[in-house]
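The values are calculated or read from the model by the stated rules, or taken from the named source; none is laboratory data. Since the structure is predicted, the reported quantities are computational estimates derived from the model, not experimental observations. Every residue, glycine as well, gets a Cβ built from its backbone with ideal geometry; the counts of neighbours run over all protein chains shown.
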Amino acid sequence: MKMMQAVACGLAMALAASFAPAAEFPLRVALLSEAKVSSLPGVSGLFIQLLKDKPSAIAGAPQAKSDKPLYGFIPGEAKELRWALMLDETGGTGKGYDTLILDLNHNGDLTDDAPIAARPLPSPAASQPAGSFSQRTFGPIEAPVGPEGKGKTAPVFVLSMAPSGGSSEGYYGYARILPGARLEADIALGGAKEKIALVDANGNLRYGDAPKRQEYNAPTAADSYRYYSSGDIVLRDRDGSGDFESDMCDSESEDFAPMMYFGGKPYSVEVADDLSSIRLEPYAGPMGQLASDNFDFVRALSLERKTDDGAPQLISVQPVNGLLKVPAGEYGLYRCVLKADDPKTGPVMARGMLRTKPDWVKVEAGASAAFRFGAPLELRVKASQRGGGSSAAGGGTFLKALSDVFAPSAGGQAGSTDQTVDINVEVRGAGDETYDVYLKGAGLKDRAMPPKFKIIDANKKVVDSGQLEYG
């Protein structure tokens, strides 16, 4: 009866939400330092291969001081030139690439763009042999961002890694585009208030790119996995501190998606073409819900959702009071961050990922479905034997690997000195996700210590003990 009442209540709320108007919130530019950008989770930037020959898409370029200027470009939609660049050595060939020219007006011509000097090195550059690679940073540079560069301007950093005087081996390095700002908004929806920020994590000068699903299909299903990459991220001030905390669990960041949750409710997301605002509209389709005893411990949760064409889409969701309201459809676990308070040790937090393909859970309109993840957790111990300079599977079992090493030899001595047992411990959740990061203590700044182990034989004698090397 209680579950039926909860479903009825959820449907009533969804019906009310379908008549709620869309809300639009202004976006403001907040500058980032180069150090701050490097600490943001999920920021990969955009890598551009440098070329010795000027591409035909670049109509013109200024006379270079170096005999070996380098070029690069970012293609836009429909293969139109989006952004071209040129690196030059103002001190002459072999003195290092210290000048950048960017096609900021998007006309394919670099002759009408002002040169940009590299930022000073922290210390005088040491003499380097010709062809040696060095990194220089340019910016922040006010660059046009948005669709085809017609939106507002926002600062970007350009990092170059190039060999002095070019290269004789055919590799000329790369340039990396990194955001120099984030777009912030103060959201107030459904009784919830939260500060968010959009970050151009893939460095393509657009905001609002959803990540792409990648798959690696190995000969065995156990070795196959999937992951999401090449999208933008959203920072969320979930604890209301006024800032976005950065921790190893990435608890205050999520991948950008066309759907976001506020106050436990889903909203369709649209970023204005000129990046002036973000529009959130209550989801008006049929709703159901997922149920789990672990929803009360969720700090962040990302699921895969099958779209109408069957292709999975990554969304970050928000359970409330142990229930998760979702659009009707099929869902699978991808990532979770769980937080709990231990009366002895204080707060603890752990991050789990499901790399393998999920077991899909179907949610019918007006119905509830159980969703498995989190506790109870299971320790899975694996061991493999290495001996005589080669690696072997030790019979395929943990006990067999141990017995092969610690069994008495013909001389009565236990174990061979040229044999080693590699012990690996995995923590798996109820959804078969693997937990790989653990934080604890005040502020959740402390890493959990690597676990200790003992190996005990049939006579209850400790034959070896220690601490796992990598945690």
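Given the criteria closer than 30 Å to P21 by Cβ, in contact (Cβ under 8 Å) with a residue 24 or more places away in the chain and more than 21 Å from the chain's Cα centre (by Cα), does A192 qualify? It would help to see each step written out before you state the result.
On the way: closer than 30 Å to P21 by Cβ: yes; in contact (Cβ under 8 Å) with a residue 24 or more places away in the chain: yes; more than 21 Å from the chain's Cα centre (by Cα): yes.
Yes, satisfied.
With respect to K339, is the statement that it is over 23 Å from A448 (Cβ atoms) and of a type in the set (D, E, K, R) true? Give the derivation first.
Working: over 23 Å from A448 (Cβ atoms): no; of a type in the set (D, E, K, R): yes.
No: the conditions fail for K339.
I'm told L235 meets every condition in (1) crowded, with 19+ Cβ neighbours inside 10 Å; (2) assigned to a loop (DSSP other than H, G, I, E, B); (3) of a type outside the set (F, W, Y) except one. Can you identify the failing condition by its number?
That leaves (2) as the condition not met.
How many residues does segment 315-334 hold that are surrounded by fewer than 22 Cβ atoms within 10 Å (Cβ to Cβ) and either in contact with a Cys (Cβ under 7 Å, 6 or more places away or on another chain) or of a type outside the set (S, T, Y) (or both)? Show your work before the answer.
Of the residues in segment 315-334, the ones surrounded by fewer than 22 Cβ atoms within 10 Å (Cβ to Cβ) are 316, 318, 320-323, 327-330, 332.
From what is left, the residues that are either in contact with a Cys (Cβ under 7 Å, 6 or more places away or on another chain) or of a type outside the set (S, T, Y) (or both) are 318, 320-323, 327-330, 332.
Final tally of qualifying residues: 10.
Which residue, of D432, D436, is out of contact with any Phe, Trp or Tyr (no Cβ under 6 Å at 6 or more places or on another chain), surrounded by 13 or more Cβ atoms within 10 Å (Cβ to Cβ) and modelled with pLDDT under 90?
D436
In segment 289-347, what count of residues is obtained for those that are at negative phi and part of a strand (DSSP E or B)?
The first filter runs over segment 289-347 and keeps only residues at negative phi, leaving 289-309, 311-320, 323-328, 330-345, 347.
Subsequent filtering for residues that are part of a strand (DSSP E or B) retains 289-291, 298-306, 312-317, 320, 323-327, 330-342, 347.
Number of matching residues: 38.
Considering only segment 373-405, state which residues are modelled with pLDDT of 85 or more, touching an Asp or Glu at 6+ places or on another chain (Cβ under 8 Å) and surrounded by fewer than 17 Cβ atoms within 10 Å (Cβ to Cβ).
Residues satisfying the conditions are A375, L379, R380.
Identify all residues within segment 274-295 that are loosely packed, with under 15 Cβ neighbours inside 10 Å and either over 28 Å from F25 (Cβ atoms) or not assigned by TED's automatic domain parsing to the domain that holds V348 (or both); write none if there are none.
Correct list: D293 only.
List every residue pair whose Cβ atoms sit under 6 Å apart, with the two residues 6 or more apart in sequence or on different chains, where the first one lies in segment 43-56 and is on the phi > 0 side of the Ramachandran plot and the second, anywhere, is part of a loop (DSSP other than H, G, I, E, B).
Close Cβ pairs (under 6 Å, with a partner that is part of a loop (DSSP other than H, G, I, E, B)) amount to G45/G203.
Just the residues that are crowded, with 16+ Cβ neighbours inside 10 Å, assigned to a loop (DSSP other than H, G, I, E, B) and either hydrophobic (A, V, I, L, M, F, W, C) or without any contact (Cβ under 8 Å) to a residue 60 or more places away in the chain (or both), please, taken from segment 348-364.
L354
So in segment 179-203, with the set limited to residues that are surrounded by fewer than 23 Cβ atoms within 10 Å (Cβ to Cβ) and among the acidic types (D, E), which one is nearest to P155 (Cα to Cα)?
E184
Being part of a loop (DSSP other than H, G, I, E, B) and without any contact (Cβ under 8 Å) to a residue 24 or more places away in the chain is the filter here; which residues of segment 449-470 pass it? I'd like the intermediate steps shown before the answer.
Residues of segment 449-470 that are part of a loop (DSSP other than H, G, I, E, B), as a first pass: 449-451, 457-461, 468-470.
Within segment 449-470, M449, P450, A458, N459, K460, K461, E469, Y470 qualify.
Among the numbered criteria (1) at pLDDT 90 or above; (2) crowded, with 17+ Cβ neighbours inside 10 Å, which single criterion is violated by R206?
Only one criterion in (1) at pLDDT 90 or above; (2) crowded, with 17+ Cβ neighbours inside 10 Å is unmet by R206, namely (1).
For M1, which of the numbered conditions (1) modelled with pLDDT under 60; (2) within 20 Å of N105 (Cα to Cα) fails to hold?
Among (1) modelled with pLDDT under 60; (2) within 20 Å of N105 (Cα to Cα), the lone unmet condition for M1 is (2).
Considering only segment 195-223, how many residues are part of a loop (DSSP other than H, G, I, E, B) and touching a residue at least 24 places away in the same chain (Cβ under 8 Å)? Walk me through how you get there before you give the answer.
So the first thing to find is which residues in segment 195-223 are part of a loop (DSSP other than H, G, I, E, B), and the list is 200-211, 217-220.
Add one more test, that the residue is touching a residue at least 24 places away in the same chain (Cβ under 8 Å), and what stays is 200-211.
Residues flagged as part of a loop (DSSP other than H, G, I, E, B) and touching a residue at least 24 places away in the same chain (Cβ under 8 Å) within segment 195-223 amount to 12.
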